[in-house]
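Asker: Handing you a structure now.
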Amino acid sequence: MAAAAAPGGGGSDGFQTAAHRRLRILSGHLRSASETYLSASQCRGRTVATPEGSQSGTFPKRRQEILKWNGWGYNDSKFIFNKKGQGEFTGKRYRIGGLIFPLLKDWVEKNLGGSLEHKTTPKASLNISDVPPSIASEEFLQDLQNAKISYTQEAESRLFRAHGHCLHEIFLLREGMFKRVPDVVVWPECHDDVVKIVEIACKHNICIIPYGGGTSVTSALECPADEKRTIVSLDTSQMNRIHWIDEKNLTAHVDAGIVGQDLERQLGESGYCTGHEPDSIEFSTLGGWVATRASGMKKNIYGNIEDLVVHIKMVTPRGVIQKSCQGPRMSTGPDIHHFILGSEGILGVITEVTIKIRPVPEYQKYGSVVFPNFEKGVACLREVAKQRCAPASIRLMDNAQFQFGYALKPQVASIFTSLLDGLKKFYITKFKGFDPNVLCVATLVFEGSREKVLQHEKQVYDIAAKFGGLAAGEDNGQRGYMLTFIIAYLRDFGMDYYLIGESFETSVPWDRTVDLCKNVKERIARECKEKGVQFPPFATCRVTQMYDSGACVYFYLGFNYRGISDPVRVYEEIETAAREEILANGGSLSHHHGVGKLRKQWLKECVSDVGFGMLKSIKQFVDPNNIFGSGNLL
Amino acid sequence: MGHGMHMGAIRFFAFTLSKIFKSLFKSVCVNEDGMQKLQQAIQEHPVVLLPSHRSYMDFLLLSYVSYTYDLALPVIAAGIDFLGMKIVGELLRKSGAFFMRRTFGGNKLYWAVFAEYVKSILKNGYAPVEFYLEGTRSRTAKTLSPKFGLLNIVMDPFFKREVFDIYLVPVSISYERVLEEFLYAYELLGVPKPKESTSGLLKARKILNEDFGSIHVYFGQPVSLRTLEAGRMNRYPFNLVPRHVPQKPSEEIQKFVSDVAYKMELLQIENMVLNPWMLISAILLQNLPAIDFELLVEKTLWLKNLTQIFGGFLDWPDNLCASKAVRSALALHSNIASLVNGQVILNNKEMGFVTTEEPIFRRALFILLCGSYRNQLLNIFVRPALVAIALQITHSSRKEEVYNHFSFWRDIFSEEFIFFPGISLKDFEEGCFLLTKCGAIQDTPQQIFVTEKGSTVIAFLNAMFKPFVEGYQIICRYLSNETNEAFTEKHFVFGVRSLASQLLETGSTHCYEVLSSDMQKNALAALVRLGMVARMKTTDGFTYRVNKESLNKTAGMFESRIPVRKAVAARL
Ligand SMILES: Cc1cc2nc3c(=O)[nH]c(=O)nc-3n(C[C@H](O)[C@H](O)[C@H](O)COP(=O)(O)OP(=O)(O)OC[C@H]3O[C@@H](n4cnc5c(N)ncnc54)[C@H](O)[C@@H]3O)c2cc1C
């Protein structure tokens, strides 16, 4: 998804933000003198202990006011079948808001055996008394108050932070309840607040789980069911300022709690961007990205998070860890940033990050290429990687995903476009002899100066032609990217009709890519059959990232669970089998989602006993009492 | 090496084949359900056909059957000696066969190219790959211990996940009469085998006028390699080296490949169709020089029952009365046995194949010939039989003691018969179970008793395996008495042969089968494996040296049997 498609700000601009804007304008006047923007660098004034009302970023402290408590995204945005039985997307936040998807119903019926008649009945609203009560000592709460830390014990807010977005988590919200949820939610507003909170937690032996955007898909945010201590969810959302922008070195110093869309929008106001665009950019945070080793869609130009960070500050039970300078590269022993990157909240709280920025590109263009089959497509990507001429983003979808994308074609307004579509289809299938059930599509994003983009485009299309690829227009490209940011909304939608699904990913050397894709899909089909899934599953993949020596492959798996009594367990068994298959095919445990608790069981064998021991000893030194006790990774 | 499929050649080949098959054999029976499963399997994953190997006919036959059922012709990895047969060789190649050298020696390049070739055919999945686990034709009609080289190659693409799965299909081919029966017997007795050549096959033209009965081709249930492997191996042995770089298989993989090989051979054995003549042979060999026809019929019926209890897959002509069935089997095999004045005797006439045919040689020839049919029963009988032998030797009913002896013999005979590695106790239990099932023993947790009527079964089984027990004893005797220094296999074979000839001439043994080079080599291999003989590599092959100490230690187990030599074959 491109930032352009992201929604506008959700909350009203409070006083604080207005102040910031003023500051920015002011500093704009000063730019010739110093190209560094100024910003309030201390904590804002605070309102003690009452979460209501205070807000600064896109999301209020009470997130549930604008975000779904039991699903993905904004309350007002979702898929429905309208009265005519057609798919429709509600709300005005997204470009597709109000559009009709006439092909969706057919696709669901044909591919998943779903039906409008078979609807599930999730809990309509949260029953507060279902939420496990908050356990917290008076002394601890008193210390928080003394330190002027904003916190709440409200059930809804605690439940909201008890989970990420794994299938089983959402399923539990709809039809059950977590055994354990955080007892207290705290909202530090700056680095110093975090230092205080961690001190207090150490004093009272309290478990802290850092919470960024809550988009984790690895069970990383889930509370260990057997944790007896008070669990505090440390919500970083109020730490969301850009401290300064350094145009000389093209860096920005930012609070780790800033949400992706805010970061890009605010940088954009000064003509910059980080270019880091994970599909969860609307909700995930800078700190979350660092903590999970996230990867953005346009990493080919901007790099993954580890390439983007210049400096990280983290508060641990041992104290604050950071470097003494911001040199672009150092040979100072193993890079301590790499202990922090991917630490998944078990070592401390990332509070501030200096991140690289780039001028917002002058020109952006989507594109797409149709290949006669997946093998050809992968061969083409491999060649593009070899020639190191990858566009900002290039993704190769297999046939099933292509067809799925097609089912999400909105109703077209003019006869002319549909006629054109027909012609295009005719050209590709009849004239060029592509089999519509085999062909696959690559979607592309080019960025840069107009001239360079056009040149680059030609280069890539020329390579594609060598592998039988035909350019298939900008529209198809753009729709392909749209799919990836509405997919989570679609998942909720499916759950209303007995369809469950999830995604998972891996990275793999080039020469094993095609085999891995094939084998994993076959394994899924086989497992589904064995586990009594009544309809063939929707198992599809795309190559989403490319590197010199390999690629990242992303899978969607969905199926109809009618007739299965314990769908979540069945799903998890199938995903486990799929992961085993990935590993046996030379794929990695994860390319960017991380390990969390979902994939812990494999970490040791993936990094060797010694490697695992190294990680353990770091944890042991930094956090001997397991204050950061989310239980991820190790 | 290499093959190219030409439809024209295939059609011509099929035409010729069907002519040959029709003139040689009465019928070729194929299990339809197996064929259907095979057809299904070919749609799903690459298929490897693993036929038993008793005759050159085997691969012609499978190609012919495949053609008849409209299957892609299997691509055959067969011994290089076919290349000698010019016309047939070319035809074979055109119809899909490819060839490998019997041994690659040190030629790594050849092996690497060959391996790549086989794998690419497999991965393409257009046609099944076919090869013989046994490596070569079994001259004795007993299943040979598996070879692992080719199996390693075909399993590799699965290990490396170049394919999702591979189906292994055991194919059991059984001939009522094997084309090469006499050739094999000669070969076993040390008459060198003629080089395969087209003219050789054509000389066999006169064979074309003979009747070789029927052939049964049984396609076993396709076995999914993935299912066999599930959870057995370290997941990532191949992740750190590019897949095209050959790697020496780890011990774990070697063990797995070996287990699969044994499993497939045991499946071949299980599915092998048996016929009345095999029963007759087994009885005849226990009743030399002659047996009354009526008695033979009676005993054959008795053995039929026992065979079925033991799980033998018997093709019995139900429409015929027993005596007719025996008569027709005798008619088909009139070159081996004859009915003279109500007595069935083993033939003893000169064959004129070699100039000097001493009486002992001639006798041995027919015994081995007959033995090659009896042998096809042995793998079904071996577990209960070893229990029977242990019972007889120990004269004990203590289970533990019986088991120890069972284990000993099972170990000794691991080259001779097919046992799944490392499951001695399970085999023992199966043996006991089958003996209980046929009422021969009573099996209690601590003890085993032979029932009253059971002694007949026990005696029969002992007699059935006596040639092996006795043969091995003679071989051990030879080794412990006659050799002090390093010797070659050739020397050993010669030595055993002359000792055995002596013993046979003086009538102190009737164990003609010890003259078989197959038994001699198996025994030597067993003794090497058990450390009683040391094997040393030299520039031109191997030399051996007896480890007297450990041989003598074990001799006790062997010898305990010799004085028990009952003069008369047990009456049934
Ligand atoms: C629809 C969807 C699309 C996604 N697309 C992408 C994608 O394109 N690329 C990608 O890389 N990931 C993607 N993800 C996964 C997820 O968005 C990333 O893992 C993201 O980095 C998590 O950020 P977050 O702020 O939501 O962190 P959270 O989910 O709140 O937390 C994740 C983990 O980080 C820890 N953590 C969070 N903040 C801090 C902090 N400040 N200090 C220390 N620890 C912290 C938490 O304790 C937890 O263990 C996607 C997820 C969804 C649901």
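The values are calculated or read from the model by the stated rules, or taken from the named source; none is laboratory data. Here the structure is a predicted model, which is why all the values come from computation and not from measurement. As a convention, Cβ positions derive from the backbone with ideal geometry for all residues, glycine included, and neighbour counts pool all protein chains shown. With ligands, DNA and RNA removed, areas are computed over all heavy atoms of the protein, side chains included. Shrake-Rupley method; radii C 1.70, N 1.55, O 1.52, S 1.80 Å.
Asker: Under the classification rounded if a/c is under 1.5, otherwise prolate if a/b is larger than b/c and oblate if not, where does the range B:335-455 fall, given a ≥ b ≥ c as square roots of the Cα gyration tensor eigenvalues?
Answerer: Since a/c reaches 1.5 and a/b is larger than b/c, the shape of the range B:335-455 is classed as prolate.
Asker: Rounding to the nearest 10 and keeping the result within 0 to 90°, find how far the Cα-based axis of helix A:567-584 lies from the longest principal axis of chain A.
Answerer: For helix A:567-584, the angle is close to 80 degrees.
Asker: Related question: Going through the cross-link list A:83/A:531; A:365/A:409; A:78/A:105; A:196/A:299, which pairs have a Cα-Cα distance over 24 Å in this structure?
Answerer: Working: A:83/A:531 35 Å; A:365/A:409 20 Å; A:78/A:105 15 Å; A:196/A:299 36 Å.
From the list (A:83/A:531; A:365/A:409; A:78/A:105; A:196/A:299), the Cα-Cα distance tops 24 Å for A:83/A:531; A:196/A:299.
Asker: Three principal axis extents, largest first, for the C-alpha atoms of the protein assembly as shown, in Å?
Answerer: Principal extents (largest minus smallest coordinate, Cα): 125, 71, 63 Å.
Asker: Checking buried surface per residue: for the range B:138-166, which residues lose a minimum of 50 Å² accessible area in the protein assembly relative to the chain alone (1.4 Å probe)?
Answerer: With the partner chains in place, the range B:138-166 has these residues losing at least 50 Å²: B:161, B:164.
Asker: Do you know which residues of the range A:498-515 lose at least 20 square angstrom of accessible area in the protein assembly compared with their chain on its own, with a 1.4 angstrom probe?
Answerer: SASA drop of 20 Å² or more in the range A:498-515: A:511, A:512, A:515.
Asker: Taking only the Cα atoms of the range A:222-345, how large is their convex hull per residue, in Å³?
Answerer: 138 Å³
Asker: So how far apart, in nm, are the two label points at residue A:324 and residue B:33 if each is 7 Å from Cα heading toward Cβ?
Answerer: 8.0 nm
Asker: A further question on this structure: Mind checking the angle between helix B:454-482 and chain B's longest principal axis? C-alpha axes, 0 to 90 degrees, to the nearest 10.
Answerer: Approximately 80 degrees, to the nearest 10.
Asker: Using the reciprocal of the averaged 1/r over all distinct C-alpha pairs, how large is the Kirkwood radius of the range B:274-417 in Å?
Answerer: With all distinct Cα pairs of the range B:274-417 included, I get 16.8 Å.
Asker: Right, another one. So if R0 is 41 Å, what FRET efficiency would residue B:11 and residue B:110 give, r being the distance between their Cβ atoms, rounded to the nearest 0.05? Write out the running numbers ahead of the final one.
Answerer: Values: r = 32 Å, r/R0 = 0.78.
Calculated value: 0.80.
Asker: Lys/Arg Cβ at +1, Asp/Glu Cβ at -1, dipole of the range A:218-372 taken about the Cα centre: which of A:243, A:324, A:305 is farthest positive-ward?
Answerer: A:324
Asker: What aspartates and glutamates does residue A:179 reach when the alpha-carbon gap must be under 14 Å and sequence neighbours fewer than 8 apart in one chain are set aside?
Answerer: A:130, A:169, A:222, A:226, A:227
Asker: Here's a follow-up. What are the radius of gyration and Dmax of the range B:438-497, computed over its Cα atoms and given in Å?
Answerer: Cα-based Rg and Dmax for the range B:438-497 come out at 18.5, 50 Å.
Asker: Leaving out ligands, DNA and RNA, calculate the buried accessible area for the pair B and A with a 1.4 Å probe, summed over both sides, in Å² to the nearest 100.
Answerer: 1400 Å²
Asker: When the Karplus curve 6.51 cos²θ - 1.76 cosθ + 1.60 is applied with θ = phi - 60°, which whole-Hz ³J(HN,Hα) does each residue of the range A:243-252 get, with x for Gly and Pro?
Answerer: In residue order, the calculated couplings are 6, 7, 10, 10, 6, 5, 9, 6, 9, 9 Hz.
Asker: In the range A:201-313, if the dipole is taken from +1 on Lys/Arg beta carbons and -1 on Asp/Glu beta carbons about the Cα centre, which of A:219, A:281, A:230 is farthest to the positive end?
Answerer: Of the listed residues, the answer is A:230.
Asker: If you put +1 on each Lys and Arg Cβ and -1 on each Asp and Glu Cβ, how big is the dipole of the protein assembly as shown around its Cα centre, in Debye rounded to 20?
Answerer: That gives a dipole near 1660 debye.
Asker: Just the number, please: carbon plus sulfur as a percent of the accessible area of the protein assembly as shown, 1.4 Å probe, no ligands or DNA/RNA counted.
Answerer: With neighbouring chains kept in place, the figure for the protein assembly as shown is 55 percent.
Asker: Which whole-number percent gives the relative contact order of chain B, counting Cα pairs below 8 Å spaced six or more residues apart?
Answerer: Values: 858 pairs, mean separation 78.0, N = 572.
After rounding, I find 14 percent.
Asker: Over the protein assembly as shown, give the accessible area per residue in Å² for a 1.4 Å probe, as an integer. Provide the component values of the computation, followed by the final result.
Answerer: Details: 49920 Å² over 1206 residues.
Ligands and nucleic acids excluded, the figure is 41 Å² per residue.
Asker: For the range A:334-382, just say rounded, prolate or oblate: build the C-alpha gyration tensor, square-root its eigenvalues into a ≥ b ≥ c, call rounded for a/c under 1.5, and beyond that prolate if a/b exceeds b/c, oblate if not. It would help to have the intermediate numbers written out before the result.
Answerer: Working: a/c = 3.71, a/b = 1.81, b/c = 2.05.
Since a/c reaches 1.5 but b/c is at least a/b, the shape of the range A:334-382 is classed as oblate.
Asker: Assign unit charges at the C-beta atoms only (+1 for Lys and Arg, -1 for Asp and Glu), then state the dipole size of the range A:143-257 relative to its Cα centre in Debye, rounded to the nearest 20.
Answerer: Computed charge dipole of the range A:143-257: roughly 220 debye.
Asker: Given axes a ≥ b ≥ c from the Cα gyration tensor, I'd like to know whether the range A:68-194 is rounded (a/c under 1.5), prolate (a/b larger than b/c) or oblate.
Answerer: Taking the square roots of the gyration eigenvalues as a ≥ b ≥ c, the range A:68-194 is prolate.
Asker: Another question, if that's okay. Calculate the radius of gyration of the Cα atoms of the range A:173-288 to one decimal place, then report Dmax, the largest Cα-Cα distance, as a whole number, both in Å.
Answerer: Both quantities, over Cα of the range A:173-288: 16.4, 53 Å.
Asker: To continue, here is another question. Among the residues of the range A:559-607, which ones have their accessible area go down by 10 Å² or more when all the protein chains sit together, as opposed to their chain alone (1.4 Å probe)?
Answerer: A:580, A:581, A:583, A:584, A:585, A:586, A:605
Asker: Over all pairs of distinct alpha carbons, what does the Kirkwood formula give as the hydrodynamic radius of the range B:307-353, in Å?
Answerer: About 12.7 Å for the range B:307-353.
Asker: Take the Cα radius of gyration of chain B and divide it by 2.2 N^0.38 Å, with N its residue count; two decimals is plenty.
Answerer: 0.97
Asker: Using all alpha carbons of the range A:279-330, what is the percent of pairwise distances in each 5 Å bin, ordered from the shortest bin to the longest?
Answerer: Bin by bin from 0 Å, the calculated values are 4, 16, 25, 22, 18, 10, 4, 1.
Asker: Within 10 Å of each candidate Cβ there may be at most 16 other Cβ atoms; applying that plus a DSSP loop requirement, which GluC sites (Glu not before Pro) in the range A:92-183 survive?
Answerer: A:117
Asker: Taking only C-alpha pairs under 8 Å that are 6+ residues apart, what is the relative contact order of chain A in percent? Working shown, then result.
Answerer: Working: 1241 pairs, mean separation 96.5, N = 634.
15 percent.
Asker: Taking the Cα centre of the range A:508-634 as origin and charging only Cβ (+1 Lys, Arg; -1 Asp, Glu), how large is the dipole, in debye to the nearest 20?
Answerer: The calculation lands at about 240 debye.
Asker: Hey, another quick one. Over 48 Å, how big is the tail of the calculated P(r) for chain A, in percent of all Cα pairs?
Answerer: Details: 22116 of 200661 pairs.
Value for chain A (Cα pairs over 48 Å): 11 percent.
Asker: So, one more: Counting only residues 5 or more places away or on other chains, whose amide H sits under 5 Å from the amide H of residue A:211 once H atoms are built in the peptide plane?
Answerer: A:234, A:235, A:236
Asker: To the nearest 10 degrees, how steeply does helix A:191-204 sit against the main Cα axis of chain A, on a 0 to 90 scale?
Answerer: So the helix axis and the longest Cα principal axis differ by about 70 degrees.
Asker: Mind ranking B:505, B:44 by accessible surface for me, highest first, 1.4 Å probe?
Answerer: The residues order as B:505, B:44, largest area first.
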